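Comments concern the structure below.
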Amino acid sequence: NAGVTQTPKFRILKIGQSMTLQCTQDMNHNYMYWYRQDPGMGLKLIYYSVGAGITDKGEVPNGYNVSRSTTEDFPLRLELAAPSQTSVYFCASVPSGGTAKNIQYFGAGTRLSVL
Amino acid sequence: AQRVTQPEKLLSVFKGAPVELKCNYSYSGSPELFWYVQYSRQRLQLLLRHISRESIKGFTADLNKGETSFHLKKPFAQEEDSAMYYCALEVTDKLIFGTGTRLQVFP
């Protein structure tokens, strides 16, 4: 199993550009999450999904959109990039039951700079 | 409001010294708490969770509901313990993370 895979690893955007951060998992986990990590600020939840077709906002959703058409994929869309979105983005997935319930499995992260 | 506080940004110790990384939480329900760790150039991963009551890599953490704390402890630090440590609180299938503590273990 590859686990949680995020692409790209690095990206530089110009203000106003758009992009999609990809996240895919091969563990058949129902729950998936997007976080951003700013220096010294810990991880903040952007959006999450409890299953295909279901998404909900987290703590800092403004400027982002998500979709969940399959169990495996949970892409994060930035429509009009702003410097405030410069951050490291992490995707995570969680099995919805069993002994591993609530344990989050993280991707390696995408480092995004908006200039 | 639910909150996780890690008061120390940086904790520096020498090899063999005891380590305690502090974590306090604010939550009105029955908490489920975790410690996650991120080693250099690796992804964030679970270190331990309080319901498991286990010791991982020599680390333990005890939930103290009276003090609303979940401090991470290790009696003898090793250089390979140097990493970023995050305390997290589960609230309705979401995790609330603290701001993290960087542990540096010097030889």
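The values are calculated or read from the model by the stated rules, or taken from the named source; none is laboratory data. None of the values given here were measured: they were computed from a predicted structure. Cβ sites come from the backbone with ideal geometry, for glycine too, and all protein chains shown count toward neighbours. With ligands, DNA and RNA removed, areas are computed over all heavy atoms of the protein, side chains included. Shrake-Rupley method; radii C 1.70, N 1.55, O 1.52, S 1.80 Å.
Annotations
- Within the set A:50, A:4, the sole residue that is β-branched (Val, Ile, Thr) and either open to solvent by less than 20 Å² (accessible area, probe 1.4 Å) or at pLDDT 95 or above (or both) turns out to be A:4.
- Scope region A:74-115; condition without any contact (Cβ under 8 Å) to a residue 60 or more places away in the chain and more than 24 Å from residue A:12 (Cβ to Cβ); matching residues: A:97, A:98, A:99, A:100, A:101, A:102, A:103
Every residue, every condition in (1) modelled with pLDDT under 95; (2) over 11 Å from the mean Cα position of the chain (by Cα); (3) over 24 Å from residue A:92 (Cα atoms); (4) buried (at least 17 other Cβ atoms within 10 Å of the Cβ), yes or no:
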site: B:3; (1), (2), (3), (4): yes, yes, no, no
site: B:20; (1), (2), (3), (4): no, no, yes, no
site: B:33; (1), (2), (3), (4): yes, no, no, yes
site: B:37; (1), (2), (3), (4): no, no, no, yes
site: B:42; (1), (2), (3), (4): yes, yes, no, no
site: B:46; (1), (2), (3), (4): yes, no, no, yes
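- Some residue of region A:19-40 being within 14 Å of chain B (Cβ to nearest Cβ), among the basic types (Lys, Arg), in a strand (DSSP E or B) and surrounded by fewer than 19 Cβ atoms within 10 Å (Cβ to Cβ): no
- Note on region B:1-91: enclosed strands (runs of 3 or more DSSP E) holding 1 or more residues that are in contact (Cβ under 8 Å) with a residue 60 or more places away in the chain are B:3-5, B:10-14, B:19-21, B:24-26, B:32-38, B:83-91.
- Residue A:65 being more than 22 Å from residue A:2 (Cβ to Cβ), more than 13 Å from chain B (Cβ to nearest Cβ) and surrounded by fewer than 21 Cβ atoms within 10 Å (Cβ to Cβ): yes
- Taking the criterion of being closer than 12 Å to residue A:47 by Cα, open to solvent by 10 Å² or more (accessible area, probe 1.4 Å) and either part of a strand (DSSP E or B) or among the aliphatic types (A, V, I, L, M) (or both), the only residue of region A:69-89 that qualifies is A:77.
- Of all residues in region B:63-107, those that are open to solvent by 30 Å² or more (accessible area, probe 1.4 Å) and over 18 Å from residue B:33 (Cα atoms) total 10.
- Conditions (1) touching a helix residue (DSSP H, G or I) at 6+ places or on another chain (Cβ under 9 Å); (2) within 14 Å of chain A (Cβ to nearest Cβ); number of the one not met by residue B:74: (2)
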